[in-house]
Structure formats: C-alpha cells, structure tokens
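Enquirer: Mind having a look at this structure? Questions to follow.
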Amino acid sequence: MALLTAGMVALMSGPVWAQASSARVELRLFERLEARTDAEGVAVFEIPDTPGPLKVRVALDGSEAKVTILATIDGLPRPVYRGTVKQGEWAAFEAPPELSKFLSGYHGTVRLRINGPDNGKQGEK
C-alpha cells in the first residue's frame, strides 16, 4: 500500500526533471564563460573578484532545462535566479539585485544557454 501511495504522489507532483550531468552551461556576463555540469547537475564558475563560486544547477526535461543560479553570499550558496529555458537557445534576463551585488555591481543582461549531453554540439545562434 505504501508503494502505491508513493507512486500516486510521484504522478501527481508533475513532470520528473532529471539532473543534467555532462550538460554544457554557457554564461555571458563580462565575457563568455563555459562549464560542464557534474554528476549532481551543477556547473561551477570561478569568477575573479567575487566572494566565491557562481553555481548553476540544471535539471532537464525533454527540450527544456530548469535552471537555478546560486551565488556565494555571506559564505553560503544562495539562489539569485530561477527559470526554465529551452535547451540550445540563448535566454536573456536582467541581472537580479543579488547577482549584481555578487558580481561587484554588474548591471546588465545575463545570457544563458544550456546544451544537454545529447545536443551539446549545436552551433552558435
């Protein structure tokens, strides 16, 4: 009975997003940055003159990727952006205040592209 209940809860909770190991994550801030996700679906960017690494957590579902950007604030990773993007396409958004603070006052557009392991060879768009 417990197994049946757990299965029903899983079905009602919506789509299952798989962690994106080996996905390519590209960020454009001051310059183009690129990193691959690890087994937990996290890409780590070491950016000079910041209090710690910038991490991008990625989960894939078909042609979409759920993204959480984590900045090191007060010694801890804190979410500064959450969104869903199409794999292989550039998404653009204004840097949220917490991310601007982390990046020493960067105020501009953040561009982000996720290429999953199976579409990582797509060309520049």
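The values are calculated or read from the model by the stated rules, or taken from the named source; none is laboratory data. Quick caveat: nothing in here was measured; it's all calculated off a predicted structure. Here Cβ is always computed from backbone atoms with ideal geometry, including for glycine, and neighbour counts include all displayed protein chains.
Enquirer: Count, please, the residues in region 37-78 that happen to be part of a strand (DSSP E or B), over 12 Å from the mean Cα position of the chain (by Cα) and either within 15 Å of Ser104 (Cβ to Cβ) or not basic (Lys, Arg) (or both).
Expert: Residues in region 37-78 being part of a strand (DSSP E or B), over 12 Å from the mean Cα position of the chain (by Cα) and either within 15 Å of Ser104 (Cβ to Cβ) or not basic (Lys, Arg) (or both): 5 in total.
Enquirer: If I filter region 21-32 for residues that are touching a Gly at 6+ places or on another chain (Cβ under 7 Å) and of a type in the set (S, T, N, Q), do I get at least one hit?
Expert: Checking region 21-32: at least one residue is touching a Gly at 6+ places or on another chain (Cβ under 7 Å) and of a type in the set (S, T, N, Q).
Enquirer: Mind checking which residues of region 22-31 are more than 12 Å from the chain's Cα centre (by Cα) and either on the phi < 0 side of the Ramachandran plot or modelled with pLDDT of 90 or more (or both)?
Expert: Once the filter is applied, which keeps residues that are more than 12 Å from the chain's Cα centre (by Cα) and either on the phi < 0 side of the Ramachandran plot or modelled with pLDDT of 90 or more (or both), region 22-31 yields Arg28, Leu29, Phe30, Glu31.
Enquirer: Which residue pairs have Cβ atoms under 6 Å apart, sit 6 or more places apart or on different chains, and have a first residue in region 74-85 that is within 11 Å of Arg57 (Cβ to Cβ) and a second that is of a type in the set (A, V, I, L, M, F, W, C)?
Expert: Once the first residue is within 11 Å of Arg57 (Cβ to Cβ) and sits in region 74-85, its partners that are of a type in the set (A, V, I, L, M, F, W, C) give Pro77/Leu70; Pro79/Leu70; Tyr81/Ile69.
Enquirer: How many of the residues making up region 86-115 are touching a residue at least 40 places away in the same chain (Cβ under 8 Å), surrounded by 14 or more Cβ atoms within 10 Å (Cβ to Cβ) and either at positive phi or of a type in the set (Val, Ile, Thr) (or both)?
Expert: Total meeting the criteria: 2.
Enquirer: Using the structure shown, decide if Glu34 is surrounded by fewer than 20 Cβ atoms within 10 Å (Cβ to Cβ), in a strand (DSSP E or B) and under 10 Å from the mean Cα position of the chain (by Cα).
Expert: Answer is no for this residue.
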